[in-house]
Amino acid sequence: MNRFSRKVFFFAGLLLLWQAIYWMRIWPEYLFPGPLEVLSALISGLRNGTYLLGASASLLRLVIGYAVSVIIGITLGLLVGCVKWLDDTVGALLLALQTLPSICWLPLALLWFGLNEKAILFMVIIGAALSISLAAEDGVKNVPPLFLRAARNMGASGWRLYSQVVFPAAFPSIITGMKLGWSFAWRALMAAELLYGNVGLGQLLMMGRELNDIGQVISVMIVIIALGLFVDKVAFSPLEHNVRTRWGTA
């Protein structure tokens with residue numbers, strides 16, 4: 001079988017397994033709906049525009065916060081990776097802060113900014129920037145020394161050394177950090193929207209829980225997964241392919 005056929009058979013098998021578990025009635029129907037019930041809730045949410053409105057609001061917050069986190073994370077990571085005293089001080093702090101789950105920042109965000117959009121954006125930025133900066137730092141530190149010696153022998157130094165050798169060599173690690181940052185940003189956003197009852201996918205998840213509508217909860221989760229896969233295929237996968245092609249690993 002080719003790659004597409006394997007995917008079709010795999011996901012078809014998952015749907016059949018889901019339906020079989022539903023037929024076994026291990027859990028009540030209101031706790032574990034079947035695929036058809038979830039599909040009906042998904043179609044209903046798309047038709048009345050609820051899911052589209054929630055997805056657009058969440059994506060707007062996500063894009064703004066993620067863009068800021070990419071700028072902060074890459075800049076901070078490159079500086080920490082290149083400057084020794086920053087590595088000994090700020091680098092240790094970044095590593096310590098990364099161990100905190102994103103939800104731990106929520107009380108602090110609410111106290112600083114209140115229950116509003118600024119708190120949500122802060123959660124997204126802090127959730128993604130740390131992972132991006134650590135990946136950029138590791139990318140700089142893992143540049144092969146042979147590259148640096150060869151560049152210096154050819155006369156590269158200062159800004160040219162970093163812009164033409166260090167940063168391109170660290171770019172694969174930076175892309176990995178950006179992908180991780182995107183997933184962490186989603187998690188931080190959903191955690192914030194679950195508590196802040198404004199328009200968004202997190203608010204739809206909370207509404208489904210309050211109404212005991214598990215079909216809506218699962219259908220919103222499917223929308224989130226679909227958006228994540230779409231962004232990966234449109235943005236990250238082509239970027240990764242180009243980098244692998246340039247490095248000869250495609």
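The values are calculated or read from the model by the stated rules, or taken from the named source; none is laboratory data. Because the structure is predicted, anything quoted here is derived from the model rather than measured. A quick note on method: Cβ atoms are made from the backbone with ideal geometry, for glycine too, and the neighbour counts reach across all protein chains shown. We work out accessible area using only protein heavy atoms, side chains counted, and drop any ligands, DNA or RNA first. Shrake-Rupley method; radii C 1.70, N 1.55, O 1.52, S 1.80 Å.
Here the contact order of the chain, divided by its residue count and restricted to Cα pairs under 8 Å and six or more residues apart, works out to 24 percent. Summed over all non-identical Cα pairs, the Kirkwood treatment of the stretch 161-250 gives a radius of 15.4 Å. Basic side chains Lys and Arg get +1 at the Cβ, acidic Asp and Glu get -1 at the Cβ, and with that the dipole of the chain about its Cα centre reaches some 860 debye.
Can you give the Rg to Rh ratio for the stretch 138-210, taking only C-alpha atoms and Rh from Kirkwood?
Radius of gyration relative to Kirkwood radius: 1.39.
Among the lysines of the chain, pairs at least eight places apart or on separate chains and with Cα atoms under 20 Å apart come to 4. Normalised by 2.2 N^0.38 Å, where N is the number of residues, the alpha-carbon radius of gyration of the stretch 123-179 equals 1.29. Please report the spacing between the Cα centers of the stretch 180-250 and the stretch 1-80 in Å, no decimals. First find each Cα centre; the distance between them is then 7 Å.
When each of the peptides 52-63, 168-179 is scored by how many other beta carbons lie within 10 Å of its residues on average, the order from highest to lowest is 168-179, 52-63.
Once the convex hull of all Cα atoms in the stretch 26-90 is built, its volume per residue stands at 161 Å³. Here the stretch 110-179 exposes an accessible surface that is 65 percent carbon and sulfur, computed with a 1.4 Å probe and the other protein chains kept in place. All C-alpha to C-alpha distances of the chain, sorted into 10 Å bins beginning at zero, yield P(r) values of 7, 24, 27, 23, 14, 5, 1, 0 percent in whole numbers. In the context of the full set of protein chains, residues of the chain present 58 Å² of accessible surface per residue (probe radius 1.4 Å, heavy atoms only).
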